[in-house]
1. Being part of a helix (DSSP H, G or I), modelled with pLDDT of 95 or more and under 15 Å from the mean Cα position of the chain (by Cα), is that true of even one residue in the range 138-148?
2. How do the pairs read when you match residues in the range 140-169 that are exposed (fewer than 12 other Cβ atoms within 10 Å of the Cβ) with residues anywhere that are in a helix (DSSP H, G or I) and modelled with pLDDT of 95 or more, using Cβ under 6 Å and keeping only pairs 6 or more apart or on different chains?
C-alpha cells in the first residue's frame, strides 16, 4: 500500500504550493514573485528523489493544472501553449535528475558547492534548451525560424531563466545548511 513518509509529504506539499503560488510570475507581473517551478523540480529531485514515482508526476500535474487555471480563469495569455508546451515533461524531468544526481553525490563537504553549481547550471541549461528550442522550432509562433534567429532568442532570455532558479535554490541551500548545522549542533556530544 502507498503511504509516503509524513515529513517528505510535507516537503512535497511545500514545494507544490511554492510552485502554484509563483507560477503566475512567469508572465512578467511586477507584483508577483518570479516563477519557482524550475527550482521546485530541482529541489524535488534532491529531497524527494526516492519518491519520484509519485512526486515527479504530481508536480508535473500541478504545473499543468496551474497553467490551465491561469489561462482559463485569470486571463493569462495562452501564447506559450503550443505543441511545444509538452516538452516541459522531459525538461522538468532533467531538473529533477539534476537534483537527484546532486543528492547521490552530496557529502556535506565544501566541494558540494561546486557540485551544486554544476548540477544546477547543467540541468537548467538543458531544461532551457528543451523548452526554448521546442517553442522556437515547433511552437508555430515564429514565422520563418532559422538558426540565427533561434540563437538570438536563446541568448536574449537565457540569463533570466538561469538566474531565477539559481536564486531560489541558493536560498534553499542556505536554509538547508542552517537546518543541517543546527541539527548537528543539537545532537548530543559524546564524551571520551
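The values are calculated or read from the model by the stated rules, or taken from the named source; none is laboratory data. As the structure is a computational prediction, the values presented were derived from the model and not from experiment. Don't worry about glycine lacking a Cβ; one is built from the backbone with ideal geometry, like all the others, and counts go over all protein chains shown.
1. Looking through the range 138-148, none of the residues is part of a helix (DSSP H, G or I), modelled with pLDDT of 95 or more and under 15 Å from the mean Cα position of the chain (by Cα).
2. As it stands, the answer is none, since no pair meets every condition given.
Residue-by-condition table, conditions (1) closer than 25 Å to residue 118 by Cα; (2) touching a strand residue (DSSP E or B) at 6+ places or on another chain (Cβ under 8 Å); (3) touching a residue at least 40 places away in the same chain (Cβ under 8 Å); (4) surrounded by fewer than 17 Cβ atoms within 10 Å (Cβ to Cβ):
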position	(1), (2), (3), (4)
16	yes, no, yes, no
19	yes, no, yes, no
44	yes, no, yes, no
51	yes, no, yes, no
61	no, no, no, yes
76	no, no, yes, no
80	no, no, yes, no
86	no, no, no, yes
90	yes, no, yes, yes
